[in-house]
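Working notes, structure below.
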Amino acid sequence: MPVTLLSLPNGNSSLEFASDEIEAVRQAILDLFGEAASEPHVTYSALAFGGEKFLFQNEWDDPCLIASTEEGSHLLLQIEQRLLEKTP
């Protein structure tokens with residue numbers, strides 16, 4: 001599954017990717033925005049990086065990062081572009 005940025009009905013975005021891409025996504029976040037802060041919850045983790053907050057879910061081996069703001073959606077776009085550049 002390629003990395004895909006989906007528009008959500010509320011105007012925000014969700015970065016969808018395969019489970020085997022989690023480390024690549026983590027590295028892209030680190031490269032672009034520095035270390036992400038993570039707060040685990042029962043069904044998701046709250047992440048913060050680049051001055052924005054996100055939800056990370058990995059249910060049924062279907063991980064995604066969900067932006068909570070328009071600026072967060074812009075950061076997800078940067079991550080998607082970084083990952084697509086590295087895809088052969």
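The values are calculated or read from the model by the stated rules, or taken from the named source; none is laboratory data. Keep in mind that this is a model prediction, so the values were computed, not measured. Cβ atoms come from the backbone with ideal geometry, glycine included; neighbour counts cover every protein chain shown. Calculation scope for accessible area: heavy atoms of the full protein, side chains included, ligands and nucleic acids excluded. Shrake-Rupley method; radii C 1.70, N 1.55, O 1.52, S 1.80 Å.
Would you point out which residue out of Q27, Q78 is under 16 Å from V3 (Cβ atoms), at pLDDT 95 or above and open to solvent by 70 Å² or more (accessible area, probe 1.4 Å)? Going through Q27, Q78 in turn, the sole match is Q27. I'd like to know if the stretch 53-68 contains one or more residues that are out of contact with any Pro (no Cβ under 9 Å at 6 or more places or on another chain), assigned to a helix (DSSP H, G or I), touching a residue at least 24 places away in the same chain (Cβ under 8 Å) and open to solvent by 30 Å² or more (accessible area, probe 1.4 Å). No, the stretch 53-68 contains no residue that is out of contact with any Pro (no Cβ under 9 Å at 6 or more places or on another chain), assigned to a helix (DSSP H, G or I), touching a residue at least 24 places away in the same chain (Cβ under 8 Å) and open to solvent by 30 Å² or more (accessible area, probe 1.4 Å).
Return yes when L32 is surrounded by fewer than 18 Cβ atoms within 10 Å (Cβ to Cβ) and either at pLDDT below 95 or hydrophobic (A, V, I, L, M, F, W, C) (or both) and no when it is not.
yes
Set side by side, the residues S73, S14 differ, and just one is open to solvent by less than 80 Å² (accessible area, probe 1.4 Å), in a helix (DSSP H, G or I) and hydroxyl-bearing (S, T, Y), which is S73.
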